[in-house]
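Single-structure report; data block below.
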């Protein structure tokens, strides 16, 4: 149960971090550092970050995000499926 709560929370955090960065970019204000956005995705927020990237058309020209996030999504989904079906079985 902890795993599911963590995954939901971190992906919501990733989604809203990308949204916040997009809003700051529109207003030409100080932005969320890319390293922070990447780190959020790495620790499990890749799905939320990827959805926000596509939904808000944000960071789509950056290879780190346009290639890296889909790869992280696949990796994280694989890890999550492994945890849910093999470790808790």
The helices (runs of 4 or more DSSP H) lying entirely within the stretch 38-89 that contain at least 1 residues which are touching a residue at least 60 places away in the same chain (Cβ under 8 Å) and surrounded by fewer than 20 Cβ atoms within 10 Å (Cβ to Cβ) are 68-82
Considering only residues that are touching a residue at least 12 places away in the same chain (Cβ under 8 Å) and more than 14 Å from residue 12 (Cα to Cα), which ones fall in the stretch 22-37? 22, 25, 32, 34, 36
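Laboratory data are not the source of any read-out in this text; all were calculated from the coordinates shown. Just so we're clear, the structure is a prediction, and the values are computed from it rather than from any experiment. Heads up, the Cβs are rebuilt from the backbone with ideal geometry, glycines too, and the neighbour counts pull from every protein chain shown.
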